[in-house]
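A quick write-up on the structure given underneath.
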Amino acid sequence: MISVEQLTVEFGGSPLFDEISFLVNPKDKIALVGKNGAGKTTLLRIFSGKQLPTKGKVIVPKDLTIGYLPQHMIHNEGTTVMQEAEKAFEHITELQADIEQMNIDLAERTDYETDDYHNLIERLTHANEHLQIIGNGNFYAEIEKTLLGLGFLRTDFDRQCAEFSGGWRMRIELAKILLQRPDVLLLDEPTNHLDIESIQWLENFLTTSNSAILLVSHDRAFIDAVTTRTIEISLGKIYDYNVNYSKYVQLRVERHDQQVRAYENQQKLIADTEEFIARYRYQATKAIQVQSRIKQLDKLERIEVDLEDNSRLSLKFPPAPRSGSIPVEIEHLSKAYGNQLILDNIGMIINRGEKVAFVGKNGEGKSTLVKCIMDEIEYSGTLKLGHNVKIGYFAQNQASLLDENRTVFETIDYVATGDIRTKIRDILGAFMFGGEASDKKVKVLSGGERSRLAMIRLLLEPVNLLILDEPTNHLDMKSKDVLKEAIKAFDGTVIVVSHDREFLDGLVTKVYEFGNKKVREHLGGIYEFLQYKKMDTLRELEVSTSLKAANALVEKSVSENKLSYEARKELSRKIKKAERAVEDIEKQVSTLESELAEMDKLLQLPEKASDNEYIMLYQKKQRELEQKVYEWEILSEDLENLMSEQ
């Protein structure tokens, strides 16, 4: 589908990619992995046409559609959430307008025998067929379903996009891309701005999508669930594994060990052969054997061990100055934005040396409370910081606040004071910005490199209260592990706002759960918290809450509304009718799935793979299946609602 041939990309004379080649097939679910700055984002930009390679080429079929979600983007202004999402279907509305105009032209014309008239009929027929294939139904239901899945409320649909934060506006852009259902999805850190429930929704969407996917993410659980192929980028080369990330990690270690063993065995063979040649080179009786060994060495295909990028982040927080025994004490704190109450009469005590986590759905007040602690916003109630508390704060959007026109060195030199200025080069080296990397402009850095640069500020002066709001966004997996160890070794107090269960595991000793405008304290680590909530992952947090609320409503409804005999009879009739409707739609879905499975087999044949009419028919069947599955979801939901009334 997409062919990458001998691709080379150079920055300042240094190769980022060195003649790499690979193929992206239909429905491939590919994880692009590698260290920050390895070239993952650059590769996505080249695929999307936003950047040109130095040499080589990327061959993209002319009619292939590509959807690209970058890490950072300029958002549209002057539209509502719904209006912006509707732009995903501009191609349908434009086609409908063209068809309407062609129908008007046909009605007005009388030159029935001319070639021009017949050409117009052909164009109209083709346009109508194309509209049937891409879907001319009511796409507002699809927009609503996608926006709700990504965490928006129905009351948000008519709000201006400008009212939302950067993270929420990124969700709007993601919704537009998903609604377009392109042939290829290029997603660069799509989960960074999503809460637990929305991540789960996106995971389900992508795993059932017919699009090919190239995904950059540092969320292990997410890429494991979504992808089935892993391409590692390291030191300008790529290593392609036809497995998900967890299996790739195992295979990569095994592959390297096998290479090392094979290399060592070959080196021993070479040494023995060279010793034989040197010993018997001048003996006439051994001349034939010597020549044979020389030819053997010449023909030998030398084994090379793949170079490994062993550079790693070195992070150690300065010793914490001693603070009071209670760095943070909160009583009866409330915060509202206008009429919208976010936090209602909450309280907490964080003791010196504790490492605590703030968890919960986006919008429940985690970042709001952090801003209260930082004294960035007003609130009611009491919030006291202990004696000699010095805060080091890493904001969720910290990396985007950097001046893009400064170099890496200038960024740190600008804020450093005193003796620390003499150690800037050492600090940059520890954060993998040594040598020429310190002269890079911020605007050419990857998201992970920007996060590392923003984090350096925390080392510029000693603090005793670290507040980290989603610190692992954009960091690669090795850097996340290094950051985790540094926080564990830090002798001060730490507040971590995060959705990352693996990062929090073994790091925090207390969990504060945000929800329904309240904050609940849970003693113990993240796994004790999950066990208490009877969950396997943080992703279940909001789902569980929703189910409990739904069950409570059902129980209340049953207790308050005793159904009469006639009402129960009518309800029973409706349930049977709904059950038949669900059964019918399930049969239709099953039939379509069988038909598509047979068509899939035929598409493996070259003559079918190049038959445009057959491909259009196949795509039409896919659309029919998607519509039927959507109808099944609606009917099943109606049936569940009826069952709950019994």
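The values are calculated or read from the model by the stated rules, or taken from the named source; none is laboratory data. The structure presented is a predicted model; accordingly, all values stated were derived computationally and were not measured. Backbone-built Cβ (ideal geometry, glycine too); neighbour counts: all protein chains shown. The area values use the complete protein model at the heavy-atom level, side chains included, leaving out ligands, DNA and RNA. Shrake-Rupley method; radii C 1.70, N 1.55, O 1.52, S 1.80 Å.
Before moving on, here are some points about what is shown:
- Any hit, segment 203-211, residues being touching a residue at least 60 places away in the same chain (Cβ under 8 Å), assigned to a strand (DSSP E or B) and more than 15 Å from the chain's Cα centre (by Cα): no
- In segment 1-40, the residue that is nearest to the chain's Cα centre (by Cα) out of those that are buried (at least 22 other Cβ atoms within 10 Å of the Cβ) and among the charged types (D, E, K, R) is Lys40.
- Applying the criterion of at least 2 residues that are farther than 30 Å from Lys440 by Cα and small (Gly, Ala, Ser) to the strands (runs of 3 or more DSSP E) found wholly in segment 312-405 leaves 328-337, 380-385.
- Exactly one residue out of Ile412, Ile350 is over 27 Å from the mean Cα position of the chain (by Cα), crowded, with 19+ Cβ neighbours inside 10 Å and at pLDDT below 90, and it is Ile412.
- Filter pass, Tyr263 being surrounded by fewer than 16 Cβ atoms within 10 Å (Cβ to Cβ) and of a type in the set (Phe, Trp, Tyr): yes
- Residues in segment 213-223 that are buried (at least 24 other Cβ atoms within 10 Å of the Cβ) and assigned to a helix (DSSP H, G or I): Ile223 only.
- Within segment 236-265, residues that are closer than 29 Å to Val9 by Cα sit with their Cβ atoms under 7 Å from residues that are at pLDDT 85 or above and part of a loop (DSSP other than H, G, I, E, B), at 6+ positions apart or across chains, in these pairs: Asn244/Thr227; Asn244/Thr228; Tyr245/Thr227; Leu251/Val243.
- The numbered conditions (1) within 12 Å of Leu186 (Cα to Cα); (2) touching a residue at least 24 places away in the same chain (Cβ under 8 Å) are all true for Ile59 except (1).
- Annotation: of all residues in segment 168-193 being acidic (Asp, Glu) and not in a helix (DSSP H, G or I), the one that is modelled with the lowest pLDDT is Glu189.
- Qualifying residue in segment 90-105 (condition: open to solvent by less than 70 Å² (accessible area, probe 1.4 Å), assigned to a strand (DSSP E or B), modelled with pLDDT of 85 or more and not acidic (Asp, Glu)): no
- Residues within segment 224-251 that are under 24 Å from Val60 (Cβ atoms) and part of a helix (DSSP H, G or I), tallied: 1
- Any hit, segment 390-398, residues being farther than 20 Å from Ser451 by Cα and at pLDDT 80 or above: yes
- Restricted to segment 483-538, the set of strands (runs of 3 or more DSSP E) holding at least 1 residues that are touching a Pro at 6+ places or on another chain (Cβ under 7 Å) and buried (at least 22 other Cβ atoms within 10 Å of the Cβ) comprises 493-497.
- Any pair with Cβ under 6 angstrom, 6 or more apart, that starts in segment 607-630 at a residue that is small (Gly, Ala, Ser) and ends at one that is assigned to a helix (DSSP H, G or I): Ala609/Leu603
- Taken together, the residues in segment 425-476 that are assigned to a helix (DSSP H, G or I) and either open to solvent by less than 20 Å² (accessible area, probe 1.4 Å) or more than 26 Å from Asp491 (Cα to Cα) (or both) amount to 20.
- Test result for Asp272, surrounded by 10 or more Cβ atoms within 10 Å (Cβ to Cβ), part of a helix (DSSP H, G or I) and free of Cβ contacts under 8 Å to residues at least 12 places away in the same chain: yes
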